[in-house]
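What follows is one structure encoded as C-alpha cells, with my remarks underneath.
The values are calculated or read from the model by the stated rules, or taken from the named source; none is laboratory data. Keep in mind it's a predicted model, so treat the numbers as computed, not measured. Using ideal geometry, Cβ is built from the backbone for each residue, glycine included, and neighbour counts are taken over all protein chains shown.
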Amino acid sequence: MSVRFTVTAVLSLAVLTGCGSQPAAGPVPGSTATPAQSAGTQADRQIQQIKADCMKQKGFTYIPFVRPPLKETETQRKMEEGDLDAMREFRAKYGYQVFAAHVYPDDLASGAFVEEAIPADPNDRYRGSLNETQFNAYKEADQACFGKAVKEVLHKTSSAEMNYLMQRLDMIKRLKERELDGDPKIAELAVPFGDCLKSKGYPVPSLKPTAMARRGMEAFRAEEAKFGPGENGSIPDLTADQARPYLAREIKDALDDLECGKDFYAAYTPKEREIKLRVTREFGEVNG
C-alpha cells in the first residue's frame with residue numbers, strides 16, 4: 001500500500017473530525033463555489049463538481065478540489081518502476097521508511113508526515129468559520145454528498161469517505177494476493193530470496209511473495225511499536241538520536257533484503273505498481 005496515498009486520504013478526513021472554533025455570523029451561507037486548482041482523473045473532477053452542487057443544495061459552500069499527489073523524487077519514481085539501483089540508493093538512506101521518519105522528520109521521502117508538504121484544501125477556511133452545530137451539519141452533508149457523487153460517477157456504494165478508502169485498500173490487497181502470490185514466476189523467485197535471508201540470520205515467517213515484500217517493514221514496525229504510542233497518535237515520539245541506532249540496523253536489513261531479493265523485486269515491483277494504477281483508474285484518486 002502506498003504510504004503517500006494513505007497520508008493524503010487520512011488528511012482529507014482529519015478536517016472532518018474536529019470542530020470549528022469561530023462562530024459564523026448568522027446562518028451558514030450557500031454560494032457558488034469557484035473550483036480550486038486540482039489534479040486527479042476526470043472522474044475525480046466530476047465527483048468534486050457533483051459534490052459541490054449537492055453541498056450548495058444543502059446550504060453549504062464547497063469548492064471542488066482534488067488534492068494533488070505529494071511530490072516524489074526521481075529516485076522514488078524509478079524505484080516504483082523496479083529500478084534496483086534506485087531501490088539501493090533509497091534504502092541506503094531510509095531503510096524501510098520506519099525509523100527514518102524519526103531521524104528525518106522534515107523529509108517526506110523518509111515516511112514522515114510533513115504537514116507543510118500537503119497542498120492546502122481551499123475549503124479549510126470555510127470549515128473553520130462554522131460553529132459546532134453548523135460544523136456537525138456540514139460533516140453529515142459532506143459525507144452524504146460524497147456518497148452521492150461516487151455513486152453517480154463510479155457506480156460504487158459508500159456510506160462515508162473512510163468506507164470508500166477501505167474499499168480501495170481492500171481491492172489492492174485482494175489483487176496483490178491473487179496476482180502476486182498466485183504468479184508462478186514470482187512465487188518461484190521468493191524461495192531463493194527467503195533462503196538467502198535465512199542464511200544471513202533473518203527470520204522469514206512466510207515465503208508468500210506479498211509477505212516477503214512486507215517482511216522487513218513489518219519487522220521494524222514491530223520494533224517501533226515497542227516504544228508505545230506517542231501523544232498525538234499511534235506513532236511513538238522518538239528523537240533523531242534515539243532512532244539512529246535502529247535506523248542503522250534497518251538500513252543493513254533493507255540492503256541485505258534487496259541483495260537477496262534483487263531478482264524477486266525486479267519481477268514483483270512493476271507488477272505491484274500496475275495493480276495500484278489499475279485500482280486508481282477504477283476508484284480515482286478521490287479525497288472527499
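Within segment 260-273, residues that are within 9 Å of E80 (Cβ to Cβ) and in a helix (DSSP H, G or I) reach partners that are acidic (D, E) and modelled with pLDDT under 95 with beta carbons closer than 8 Å, at six or more positions or on different chains, in the pairs T269/E80; T269/E81; P270/E81; R273/E80; R273/E81.
The test for being modelled with pLDDT of 95 or more, over 30 Å from A240 (Cα atoms) and not charged (D, E, K, R) holds for Q57.
Within segment 49-104, being assigned by TED's automatic domain parsing to the domain that holds V150 and small (G, A, S) holds for A52, G59. Once segment 93-117 is narrowed to residues that are hydroxyl-bearing (S, T, Y) and assigned to a loop (DSSP other than H, G, I, E, B), the residue that is nearest to D256 (Cα to Cα) is Y96. The residues of segment 158-196 that are over 23 Å from G216 (Cβ atoms) and aromatic (F, W, Y) amount to a single one, Y164.
For segment 173-218, the candidate set comprises residues that are surrounded by fewer than 21 Cβ atoms within 10 Å (Cβ to Cβ) and in contact with a Gly (Cβ under 7 Å, 6 or more places away or on another chain); within that set, the residue that is nearest to L255 (Cα to Cα) is V204. Scanning segment 231-266 for residues that are surrounded by 14 or more Cβ atoms within 10 Å (Cβ to Cβ) and hydroxyl-bearing (S, T, Y), we see that the one that is farthest from K208 (Cα to Cα) is Y246. Residues in segment 63-89 that are buried (at least 22 other Cβ atoms within 10 Å of the Cβ) and over 30 Å from A149 (Cβ atoms) were compared, and the one that is farthest from the chain's Cα centre (by Cα) is M87. If you go through segment 164-217 and keep only what is in the same structural domain as T280 (by TED's automatic domain parsing), part of a helix (DSSP H, G or I) and polar (S, T, N, Q), you end up with S199, T210. Restricting attention to segment 108-127, the residues being charged (D, E, K, R), buried (at least 16 other Cβ atoms within 10 Å of the Cβ) and closer than 20 Å to Q76 by Cα number 0.
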